[in-house]
1. Just report the Cα centroid separation between segment B:42-73 and segment A:153-225, whole Å.
2. Going 7 Å from the Cα of residue A:162 along its beta-carbon direction, which residues of segment B:179-202 have the amide nitrogen within less than 13 Å of the resulting point?
3. Kindly express, to the nearest 10 degrees and within the range 0 to 90, the angle between helix B:113-122's C-alpha long axis and the longest C-alpha principal axis of chain B.
4. How far apart, in nanometres, would the label points at residue B:143 and residue B:14 be if each is projected 7 angstrom from Cα along the Cα-to-Cβ direction?
5. Would you please calculate the Kirkwood hydrodynamic radius of the protein assembly as shown over all C-alpha pairs and express it in Å, rounded to one decimal?
6. Using the Kirkwood formula on the Cα atoms of chain A, what hydrodynamic radius do you get, in angstrom to one decimal?
7. What is the helix-to-structure angle for A:160-175, meaning the angle in degrees between its Cα long axis and the longest Cα principal axis of chain A, kept from 0 to 90 and rounded to the nearest 10?
8. According to the square roots a ≥ b ≥ c of the eigenvalues of the Cα gyration tensor, what is the shape class of segment B:152-202, taking rounded for a/c under 1.5, prolate for a/b larger than b/c otherwise, and oblate for the remainder?
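None of the figures in this text is laboratory data; all of them are computed from the coordinates on show. None of the values given here were measured: they were computed from a predicted structure. Cβ placement follows ideal geometry from the backbone for every residue including glycine, while neighbour counts extend to all protein chains displayed.
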């Protein structure tokens, strides 16, 4: 039987893998971007990024000092008896010391830092029950530089597709050099204000080389990505060809009178990781197998 | 690319700072202080109250960075130390430059026009270091000689770093009123027309 300690250990290992090594799709996009840049300044930015990926892996060290706040997505078997929440929370505490992670979580008003990345509602866990026999935990270690550029627009239905495009393009222009481009953009269409933002973040969990299964949404993903990469903001906003590595959209049906659009901005270090914990205690890390 | 890289030694003289060219690649050697949101607030508050600062910022390199540090025995070591978003300090930096006269600000993303202006007036440059490349940056930190204002938390404290071959750094805002970010922005404005056309926007 899976114990709370199994969850805790898996969380520590998941966080270590996530902050040290990028998923294959993100790494591949970064290497492609490096190869495509021709001017000296953007080339050097991309070379530094690619070199840093290798160095992080070699030294088993977090690739970026901003190891983010820890946003979890947990999927549980129907008959789950173990305290997964406690396992995750204690795992975060332990990983902060052992990996180490930077103690980022503070009280929003007093800014008091407890030093262990654990506080009111943090780590934040999104829950789901699934029909499988294993526990699946996914984490995003989300840095603030990019998160601070995220936005919500409550558009009117008459603004429609054009309004969506205007909003995204405007947000990318406003973010400019700040979110550590080349970025990954997650967009949530529809639902309600909170659902659009939630979907925007969940969109970042899909590999960036997979288009949405709905061809109309897939076309919007491709069109927006191409247009954004015409802007020339470039790596670190110092000019160049690659402003955005990938763009994913998720949607939900919404009220006939509204059109919420959420944008979640992710820096080039698109860190996400998943662990599966099987009933016999065995673990697998599908995002980090290679 | 095959030129010998220029090494800057701290403390920086105004002459050296004014001699740096936009787009040039340099490396840092010597003491570098980290300082971000809370350090800016605190330092200016100290000044207002006439309190003495724990470090001398004149001619220094101030690094917008909240590192991951590890303590082994009584020694601190930089694990990961990339830059933070400099624009968060936009509102305080001009006054900080005027009052404390740093020679260089190291960060990412660039800063707004009032900071470009202050850098021109008082002789300071902005050196861009690649965001997120925290392991590479930490390799240029040979030792940590101390920490001040640790009570502000690990990311917000002043870390006193001894650097060698710290970089590559791009002179992205010089001491003559020029900014690579402003140049890029002008081009982006032009490119925006093509992007809008592509999306079928007027």
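1. Going from one Cα centre to the other spans 39 Å.
2. B:197, B:199-202
3. Once rounded, the angle reads 60 degrees.
4. 3.4 nm
5. 23.3 Å
6. Taking every pair of different Cα atoms in chain A, averaging 1/r and inverting gives 19.7 Å.
7. Between the helix axis and the principal axis of chain A, the angle is about 80 degrees.
8. Working: a/c = 3.45, a/b = 2.17, b/c = 1.59.
Taking the square roots of the gyration eigenvalues as a ≥ b ≥ c, segment B:152-202 is prolate.
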